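The values are calculated or read from the model by the stated rules, or taken from the named source; none is laboratory data. Fair warning: this is a prediction, and the values are worked out from it, not measured in the lab. Here the Cβ positions follow ideal geometry from the backbone for every residue, glycine too, while neighbour counts run over all protein chains shown.
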Amino acid sequence: MEQAVLYETRGSIAIITINRPERRNSLGAAVRLGIREGFERFEADPDLQVAILTATGDQAFCAGMDLKEAAETGLKIPPRGPGGVPVIGDDLKVSKCTIAAVNGVAMAGGWLMAQMCDLCVAADHARFAITEARVGRGTPWAVPLLHMLPQRVTMEILLTGEFVTAQRLYELGYVNKVVPLAGLLDEALALAGKIAANAPLTTRACREMIHMAGEMGRSAALKSADRIFAPVYLSEDAQEGPRAFAEKRKPVWKGR
């Protein structure tokens, strides 16, 4: 049996690939475990700066929960932690940048897999939907959408279960780039490369600040941002950047 999730690295970039195209890359037990282990491996490796989550094939990025498995097990409230769907920022700690490269349909939990990543690149034929209302399931994980899409758009998506094109979500600011499928991974790698070339302490602090600010008011967020960036200002990299500029060379980041 082939691996349910593939893992590879290219320089400072990790590529985590859901590899169950015959099941529309749905979130069966082996896929859930593989995604969790892939991101844990990425987080633990100090040489890696950006992770890309994608999938095999041209039909589905992820069709969400494996409904056949759910029917067989009588799944009720989905478990959290080991065995459950791994969600960055919830039960899965990742401090570095992540990019979803959506190669096809992203439904229900597949939408969640794209949503939990920091950035999203999508193939031009990709479609997104939150279909839980059609099968009587729940969407507590959709709360962050209120910071990512207009309220009435979010309401329509949740209540109708209808598909939304990648182009429409690009126009709404949910998807960063829409490209032909043949260039999807290259586009994601190019975006990841731009991020990985920057100072790692700064990019991680920016990521933390943005997520943190979404949970706070303006004044509290500004104070917290000062705290987040204090060690960045005091780092060796904060001296290396201006020095490299003055010496007209590329900076050598140490991440400290």
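A compact table of results
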item	result
Lone unmet requirement of (1) in contact (Cβ under 8 Å) with a residue 40 or more places away in the chain; (2) closer than 20 Å to Thr17 by Cα; (3) among the polar types (S, T, N, Q); (4) crowded, with 16+ Cβ neighbours inside 10 Å for Ser95	(4)
Residue check for Glu69: modelled with pLDDT of 95 or more, out of contact with any Ser or Thr (no Cβ under 7 Å at 6 or more places or on another chain), in the same structural domain as Val121 (by TED's automatic domain parsing) and among the acidic types (Asp, Glu)	no
Filter result (hydrophobic (A, V, I, L, M, F, W, C) and either at pLDDT below 90 or more than 22 Å from the chain's Cα centre (by Cα) (or both)) within region 131-145	Ala133, Val135
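Here is a yes/no grid of residues against (1) touching a Cys at 6+ places or on another chain (Cβ under 9 Å); (2) surrounded by 19 or more Cβ atoms within 10 Å (Cβ to Cβ); (3) within 20 Å of Pro21 (Cα to Cα):
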| residue | (1), (2), (3) |
| --- | --- |
| Ala108 | yes, yes, yes |
| Gln115 | no, yes, no |
| Ile130 | no, yes, yes |
| Arg137 | no, no, no |
